[in-house]
Amino acid sequence: MIPFSPPHIDQAIIDAVSEVLASGWISTGPVTKKFEKELTAYTGAQTTLCVSSATAGMELMLRWFGVGEGDEVILPAYTYCATANVVMHTGAKPVLCDVGDDFNIDPKAIARLITPRTKAIMPVDIGGWPCDYDAINALVRQPEVMAKFKAATDEQRQLGRMLVLSDAAHSFGATCKGRKTGTLTDLSVFSFHAVKNLTTAEGGAIMFHLPEGFDPEELYTRLCTLALHGQSKDALAKTRSGGWQYDVYEPGYKANMTDIQAAMGRVGLLRYNTETLVQRKAIFDRYSQAFEAAPWAITPVYGSKSKTSSYHVYMLRIKGVNEDERNEIMHEIYQKQVAVNVHFQPLPLLTAYKNRGYRMEDYPNAYKQYACEISLPVFYNLTPEQQCTVIEAVIAATENVLARK
Ligand SMILES: *Cc1c(COP(=O)(O)O)cnc(C)c1O
């Protein structure tokens, strides 16, 4: 079976993890701090805080901004459940927005959903393709839109408008006009989960790119505390003489990254541009070349004059098929020993959101994209022969199903 996206673990990663294990310090410590600095240097963001997951990072930042009961946060109907769940955990309401043909949140649709309760917009870079941030950033700065914003906390008053918090779980290393994700919106949260391009097994990073008036260093210090129970000292600082005594400033969360995770991430980051992105792009190119001629194929956009993708998910669409036919195609591909996937089932199709009254009919383009989408295997060690097997399986399965229509 050709798997969908196994992690790229080799001796270099095993050695780096072993070194941390042997060092005697395995939780948050010097390796995590180094990884944060390297991540900041890579993207050019103001600063980076590593966390235990993208989910934890997004919730932490919503809480930092004071989002809660009575507030609304706009996010795409087409995303992984984490984006909506963190909003619900704060007590706020996720307001779902339809998407465009590139799978990303539609800025024109966002404008219609803004109310005086809207505190934040959470665009998601689906598949690694950055959203239209020029439009989204301009929207939140429009005088009519700013006038609707009701600031209720110091952070909200300081920003003076809706926060743009991007769920950049897929898009580490993607660019827009030469600038990397992490610097395209106020806050970006990356995921280093096992299936993502850069992995620490579980983990994530928050990057700041806030306007003047916010002090990134001060914010970093505050968030380190907030991500560790509100403690004035972290575990490493407590090991020093006199370090036993600490204070708790606020009832914080537990979302810190360990040095074991950071050690994996540092190795991945070192080869990210030279190996990971190069190999992933080569696989995307190979797939697109193979399918472009097929009358039934809609190949994904992963490059343009202004944007480059991080090549996270290769999202093929089959023209003119319904959901059942797409499922049949996937079944036939599976029978040829190729693991494929769907990214994503729009949230209104899932019980938790259906039960809260979200209806699929309200997001017609999200459904339309989902119904004909198949994600293909992309991973570092996918060999040219395996790529060929994937392509042949997809073509044979699709043509079989289309022929039976
Ligand atoms: C993977 C993913 C997340 C969650 O990342 P974790 O690090 O597992 O919390 C959030 N949003 C999207 C779009 C994802 O694909």
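Structure data summary
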| item | result |
| --- | --- |
| Computed helical MRE - 222 nm, the chain, DSSP H runs ≥ 4 contributing -39500 (n - 2.57), nearest 500 | -12000 deg cm²/dmol |
| Around P348: net Lys/Arg minus Asp/Glu count, Cβ-Cβ under 9 Å | 0 |
| Mean Cβ neighbour count within 10 Å, used as a protection proxy, ranking 381-387, 131-137 highest first | 131-137, 381-387 |
| Sequence-distant residues sharing a close amide H with D186 (under 5 Å, placed H) | V164 |
| C-alpha long axis of helix 277-292 to longest principal axis of the chain, angle in ° | 30 degrees |
| Shape call, region 1-42: gyration tensor on alpha carbons, a/c limit 1.5 | oblate |
| Under 11 Å, Cβ to Cβ, from S166 - net charge with Lys/Arg +1 and Asp/Glu -1 | -3 |
| Cα-based equivalent ellipsoid, region 93-152: semi-axes from gyration tensor eigenvalues, Å | 21, 12, 10 |
| Convex hull projection area averaged over all views, region 88-232, Cα basis, nm² | 9.8 nm² |
| Pair E275, R63: separation of 7 Å Cα→Cβ label points (nm) | 3.6 nm |
| Extension gain, A293 back to D134 (0.36 nm per residue minus Cα-Cα distance, nm) | 54.0 nm |
| Potential extension, K150-A403 segment - 0.36 nm per residue separation minus Cα distance | 85.4 nm |
| Most mobile of D247, D167, D259 in a GNM of the chain (Cα contacts under 10 Å) | D247 |
| Per-pair calculated FRET efficiency, R0 = 25 Å: L350 and A111 via Cβ, rounded to 0.05 | 0.45 |
| Region 11-269, accessible surface, carbon-and-sulfur percent (1.4 angstrom probe) | 55 percent |
| Average silhouette area of region 11-269, convex hull of alpha-carbon atoms, in square nanometres | 13.8 nm² |
| Cα-Cα P(r), region 7-97, percent of pairs per 5 Å interval | 3, 11, 15, 15, 16, 14, 12, 8, 5, 1, 0 |
| Amide proton proximity set for G230, modelled H, under 5 Å, gap of 5+ | G252, Y253 |
| Percent RCO, i.e. relative contact order, over the chain, from Cα pairs under 8 Å lying at least 6 residues apart | 22 percent |
| Total lysine pairs under 22 Å (Cα atoms) in region 273-403, excluding pairs fewer than 8 apart on one chain | 5 |
| Radius, Kirkwood style, for region 273-403 when every pair of distinct Cα atoms is counted (Å) | 15.8 Å |
| Loop-located GluC sites (Glu not before Pro) in region 1-95 whose Cβ has at most 16 other Cβ within 10 Å (DSSP) | E69 |
| Surface per residue (accessible, 1.4 Å probe) for region 11-269, Å² | 39 Å² |
| Ellipsoid equivalent to region 1-159 - semi-axes via the Cα gyration tensor, in Å | 34, 20, 15 |
| Residues in region 314-349 that a label on E392 would reach, taking backbone N under 14 Å of a point 7 Å out along Cα→Cβ | 336-338 |
| Filtered trypsin sites (Lys or Arg not before Pro), region 68-138: DSSP coil and at most 15 other beta carbons within 10 Å | R117 |
| ³J(HN,Hα), Karplus 6.51/-1.76/1.60, whole Hz, each residue of region 256-273, x for Gly, Pro | 7, 8, 9, 5, 5, 5, 4, 4, 5, x, 5, 5, x, 5, 4, 10, 4, 6 |
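The values are calculated or read from the model by the stated rules, or taken from the named source; none is laboratory data. Only a predicted model underlies this, so the values are computations on that prediction, with no experimental measurement involved. Using ideal geometry, Cβ is built from the backbone for each residue, glycine included, and neighbour counts are taken over all protein chains shown. What goes into the accessible areas is simple: the full protein's heavy atoms, side chains included, and nothing from ligands, DNA or RNA. Shrake-Rupley method; radii C 1.70, N 1.55, O 1.52, S 1.80 Å.
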